[in-house]
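Novice: Please find one structure pasted underneath; my questions will follow.
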Amino acid sequence: MRHYYSFFLSACLTASALTARAQSPITITRDDMPNTNDTLRVSQTVQLVGPSLNVRGANQTWNYAGLRPITQRVAQYQSVTSTPLTLLATFGLPIGSNRATIATRYDLSGLSELGLPVSDVYGFFNESSSDFRQVGFGIPVPNTSPTLHLPIIYRSQQLQDVVYRFPVTYEKRDSSNSEFSVDLPGVAYLRDQQKRVNQADAWGTLITPFGTFQTLRVVSTLYARDSVSVSGSPGVVLERPVSKEYKWLGKNQGVPLLQVTTQLVMGQEIVSSVVYRDIYRRNGGVLAASNSLAETAVAAYPNPLPTSADLRLTLPDAGPVTLTASDLAGRQLFQQTLTAAGKEVIVPAASFGAFSGVALVKVQTRAGVAVRRVVRE
């Protein structure tokens, strides 16, 4: 009998120890960031299906298995030496404050309305044992053949965008200030200032269509303002809406298993994008991955959109375009086919009628299809 109780007590203690280990938060380090030659498939949508973003704290379970993709893309990371030669002198040196250890194609679609080139843009990052930071960009110079790339660096090493400070642990909080400028004479000038505040506010089990993972959630709050001048016009200062990036990080995943980005609009936090690690899905959502347009191909502005303002859409090419707008409940607001004389089309304010709120605008062109989320105030 004594032997039975000894065995029972030992089994209980072992089970308790295993449970304690299973309920311990993970720690994120440099080893969990992307590596050279990584090709990481992610799905994208604009509707968050699952628990509230306010679920935080220790040992949580977030079930987002109901997510359905609209488009897919592959995040590709490459060595700095494989980027255009005009960028290597800035980012490819073995020493210096602008030294990068990894590069990727970068989405600057939000700058298309400012007249800045947004295709074939590179982002450069430095990974170290202490942090993961962006050290600059490479953007194409218009009307050059072959295309030349202009290096864009932050004002100083102290003003680079520190995405994570390692190790990232539960309840850790940190911040960074960043600033850079882009000057293309006769085209546009942009000065970007940003404050990033990171808070590791939760940990637990994340469930998505990709699988089930132990994660640490980091919420990045971004406060940004731009000084903009287009084609030599007087400059204006634009306060961007406060945005948040809810990022569920896992061990050895490279990029967040799930990232939900929101904007503060009229006092309400509105989801603007949902991106998550995934497998290839041939017909996984509204759009097939094969005919979805790249993120940089279509931009909608202004966004948020005043009810009295026309909506402008940048397009990959001139020609016919079919627009279908619906609200988040799936009710169609309008459908129309227009002919774009150039790489832009204007949607009259009257097309939306009296609607205000979040609209999904499906843009169908000969080159492919895209869906953009527009907030109408």
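The values are calculated or read from the model by the stated rules, or taken from the named source; none is laboratory data. Just so it is clear, the structure is predicted and the values come from calculations on it, not from any experiment. Methodologically, a virtual Cβ is constructed for each residue, glycine included, from the backbone with ideal geometry; neighbour enumeration extends over all protein chains shown.
Novice: Taking ILE152 as meeting all but one of (1) under 28 Å from ASP31 (Cβ atoms); (2) in contact with a Ser or Thr (Cβ under 9 Å, 6 or more places away or on another chain), write down the number of the exception.
Specialist: Unmet condition: (1).
Novice: Just one of (1) buried (at least 18 other Cβ atoms within 10 Å of the Cβ); (2) aliphatic (A, V, I, L, M); (3) under 21 Å from the mean Cα position of the chain (by Cα) trips up ALA224, so point out which.
Specialist: For ALA224, the failing item is (1).
Novice: Let me ask another. Taking region 190-203 only, how many residues are surrounded by fewer than 21 Cβ atoms within 10 Å (Cβ to Cβ) and under 28 Å from ARG68 (Cβ atoms)? Working first, answer last.
Specialist: Keep residues of region 190-203 that are surrounded by fewer than 21 Cβ atoms within 10 Å (Cβ to Cβ), which gives 191-197, 199, 201.
Still in the running and under 28 Å from ARG68 (Cβ atoms): 201.
Residues that pass the stated criteria total 1.
Novice: Pairs, please: C-beta under 9 Å, at least 6 apart or cross-chain, first residue at pLDDT below 80 and in region 231-243, second of a type in the set (Lys, Arg)?
Specialist: Hits for this filter: GLY235/ARG191; LEU238/ARG225.
Conditions (1) at pLDDT below 95; (2) closer than 19 Å to VAL275 by Cβ, marked per residue:
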position	(1), (2)
ASN59	no, no
LEU85	yes, no
PHE91	no, no
ALA100	no, no
SER109	yes, yes
GLU113	yes, no
SER119	yes, no
GLU127	no, no
PHE132	no, yes
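Novice: Further question: Taking the condition of being closer than 18 Å to ALA340 by Cα and either out of contact with any Ser or Thr (no Cβ under 9 Å at 6 or more places or on another chain) or of a type in the set (Val, Ile, Thr) (or both), how many residues in region 357-371 meet it? Reasoning before the result, please.
Specialist: Restricting attention to region 357-371, the residues satisfying the condition of being closer than 18 Å to ALA340 by Cα are 361-371.
Those left that are additionally either out of contact with any Ser or Thr (no Cβ under 9 Å at 6 or more places or on another chain) or of a type in the set (Val, Ile, Thr) (or both): 361, 363, 365-367, 369, 371.
Residues that pass the stated criteria total 7.
Novice: Let me ask something else. What number of residues within region 254-301 satisfy the criterion of being assigned to a loop (DSSP other than H, G, I, E, B), of a type outside the set (A, V, I, L, M, F, W, C), crowded, with 20+ Cβ neighbours inside 10 Å and at pLDDT 75 or above?
Specialist: Total meeting the criteria: 2.
Novice: Of the residues ARG373, ARG366, which single one is modelled with pLDDT under 85, closer than 17 Å to SER273 by Cα and among the charged types (D, E, K, R)?
Specialist: Details: ARG366 fails: closer than 17 Å to SER273 by Cα.
Answer to the selection: ARG373.
Novice: Does region 310-330 contain at least one residue that is in contact with a helix residue (DSSP H, G or I) (Cβ under 6 Å, 6 or more places away or on another chain) and modelled with pLDDT of 90 or more? Working first, answer last.
Specialist: Filtering region 310-330 down to residues in contact with a helix residue (DSSP H, G or I) (Cβ under 6 Å, 6 or more places away or on another chain) leaves 310, 314.
Among the residues that remain, those that are also modelled with pLDDT of 90 or more are: 310.
For region 310-330, residues in contact with a helix residue (DSSP H, G or I) (Cβ under 6 Å, 6 or more places away or on another chain) and modelled with pLDDT of 90 or more: present.
Novice: Restricting attention to region 216-230, report how many residues are within 19 Å of THR262 (Cα to Cα), among the small types (Gly, Ala, Ser) and either touching a Phe, Trp or Tyr at 6+ places or on another chain (Cβ under 6 Å) or at pLDDT 95 or above (or both).
Specialist: 1
Novice: Still on this structure, I have one more. Report yes if TYR170 is crowded, with 16+ Cβ neighbours inside 10 Å and assigned to a strand (DSSP E or B), otherwise no.
Specialist: Numbers: crowded, with 16+ Cβ neighbours inside 10 Å: yes; assigned to a strand (DSSP E or B): no.
No; evaluated as a whole, the condition is false for this residue.
Novice: Sticking with this one: Considering region 68-84 alone, what residues qualify as being surrounded by fewer than 20 Cβ atoms within 10 Å (Cβ to Cβ) and either out of contact with any His (no Cβ under 9 Å at 6 or more places or on another chain) or part of a strand (DSSP E or B) (or both)?
Specialist: Of region 68-84, the ones surrounded by fewer than 20 Cβ atoms within 10 Å (Cβ to Cβ) are 68, 73-76, 78-79, 81-82, 84.
Within region 68-84, ARG68, ARG73, VAL74, ALA75, GLN76, GLN78, SER79, THR81, SER82 meet the criteria.
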